[in-house]
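*Asks:* This is the structure I have questions about; it appears just below.
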Ligand code: BDR
Ligand code: CA
């Protein structure tokens, strides 16, 4: 069983990633850090609580993550795409658990599981950067770190050059990229193509015996309608955050290259990510190497998603 701590901002695609992780027979979720991004931190927390209650997994600690970028600037939220409450048409009726864990729970989980703990970041990188800054080096005791974020020489989704998780707090992303070691970045290069069609989701919802059977189709339908302005003519939408989990589940279906991930914080190209992919790269001394996923087998992604989400 792979033990994972997830940093998330649910949001529709984060919600699918959380559902996927909860349903996957080889993944054990040991904590969810709720962070601003698609929605406010408060709403991310409430939506996480809702998903865990549906799954009857209220034993999983919910951790209070960052509410705004490191610079203290006011974050922009994306209710227009994810729905007024971040879960498509739903207004989740949920009781917020009495015990919400403070930030230091992150360090406790690292301390408890050490190299057994996989860290998954599906949101802005603020809380993860704070973990690097405040954990006094203990973050290096954790296992592998995966980040959904970046756009390497392909268009961004929030600006022409920047992907949303990086753009939302480029200073934080820079701290993570320059202090982390062997982080795996799952960028828009592939996640933009991780499109689940509405017809496929209809089938997933129909043959569904999981605790999520009632919400799967309505939230995807809502998200896909919103995506029509981004992907005209497509009856479906990309599930960016699920791609990362799908990679963990079937790495052989993904193409990974090594690179030194650089992040721009200057205003006119804020959030740009790049790495030296020249045939003979010029590596920067004393700067960490990371993995960047640049290609994948889209059919295999869909097959795996359907299998896990139907609880087969
Ligand atoms: C990423 O940004 C968020 O909007 C999504 O949930 C995903 O994590 C895609 O750019
Ligand atoms: Ca996300």
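*Asks:* May I ask you to compute the full-extension gain from residue 234 to residue 73, defined as 0.36 nm times their residue separation minus their alpha-carbon distance, rounded to one decimal in nm?
*Replies:* On the way: separation 161, 0.36 × 161 = 57.96 nm, distance 3.48 nm.
Here the segment from residue 234 to residue 73 would lengthen by 54.5 nm.
*Asks:* Another question about this same structure. Can you quote the Å³ per residue value for the convex hull of the Cα atoms in the stretch 1-96, rounded to an integer?
*Replies:* Numbers: hull volume 8.6 nm³, N = 96.
So the per-residue Cα hull volume is 90 Å³.
*Asks:* If you take the square roots of the eigenvalues of the alpha-carbon gyration tensor of the stretch 203-261 and sort them as a ≥ b ≥ c, do you get rounded (a/c under 1.5), prolate (a/b over b/c) or oblate?
*Replies:* Working: a/c = 2.88, a/b = 1.41, b/c = 2.05.
Cα axes put the stretch 203-261 in the oblate bin.
*Asks:* Mind ranking 183-191, 107-115, 213-221, 89-97 by how tightly packed they are, going by the mean number of other C-beta atoms within 10 angstrom, highest first?
*Replies:* Numbers: 183-191: 25.1, 107-115: 15.6, 213-221: 19.6, 89-97: 13.0.
Order by mean packing, descending: 183-191, 213-221, 107-115, 89-97.
*Asks:* How are the alpha carbon pair distances in the chain distributed across 10 Å bins from zero to the largest one, expressed in percent?
*Replies:* The percentages, shortest bin first, are 6, 29, 39, 22, 4, 0.
*Asks:* Multiply the residue gap between residue 112 and residue 58 by 0.36 nm, knock off their C-alpha separation, and tell me the result in nm, one decimal place.
*Replies:* Details: separation 54, 0.36 × 54 = 19.44 nm, distance 1.96 nm.
Difference between extended and current length: 17.5 nm.
*Asks:* What is the packing order of peptides 21-27, 266-272, taking the mean over residues of other C-beta atoms within 10 Å and listing the highest first?
*Replies:* Working: 21-27: 17.6, 266-272: 15.0.
Going from most to least packed, we get 21-27, 266-272.
*Asks:* Please give the calculated 222 nm ellipticity per residue for the chain, where each DSSP H segment of at least 4 residues contributes -39500 (n - 2.57) and the sum is spread over every residue; nearest 500 deg cm²/dmol? Walk me through the intermediate numbers first.
*Replies:* Numbers: 12 runs with 110 residues, N = 312.
Mean residue ellipticity, 222 nm, calculated: -10000 deg cm²/dmol.
*Asks:* Would you mind putting 3-10, 276-283 in packing order, based on average other-beta-carbon counts within 10 Å, highest first? Mind dumping the intermediate values first?
*Replies:* Details: 3-10: 27.2, 276-283: 9.0.
The most tightly packed comes first, giving 3-10, 276-283.
*Asks:* Pairwise over distinct Cα atoms, reciprocal of the mean inverse distance: report the Kirkwood radius of the stretch 41-163 in Å, one decimal place. Before the final figure, lay out each step's value.
*Replies:* Details: mean 1/r = 0.0608 Å⁻¹.
Radius from the Kirkwood sum: 16.4 Å.
*Asks:* Starting from the exponent 0.38 and prefactor 2.2 Å, build the expected Rg for the stretch 242-294 from its residue count and divide its actual Cα Rg by it.
*Replies:* On the way: Rg = 13.6 Å, N = 53, 2.2 N^0.38 = 9.9 Å.
Relative to the 2.2 N^0.38 Å estimate, the stretch 242-294 comes out at 1.36.
*Asks:* What is the distance in Å between the Cα centroid of the stretch 50-112 and that of the stretch 201-217?
*Replies:* Centre-to-centre distance over Cα atoms comes out at 23 Å.
*Asks:* Now for a separate question. Roughly speaking, what is the stretch gain from residue 267 to residue 255, that is 0.36 nm per residue apart minus the C-alpha to C-alpha distance, in nm to one decimal?
*Replies:* 1.2 nm
*Asks:* Which log10 I(q)/I(0) values, to two decimals, does the stretch 203-312 give at q = 0.18, 0.23 Å⁻¹ under the Debye formula with one point per Cα?
*Replies:* For the stretch 203-312, the Cα-only Debye profile gives -1.05, -1.27.
Values in this text are rule-based calculations from the coordinates and carry no lab data. Note that the coordinates shown come from a computational prediction; the quantities given were computed from them, not determined experimentally. Reconstructed Cβ throughout: ideal geometry from the backbone, glycine too, with neighbour counts over all protein chains shown.
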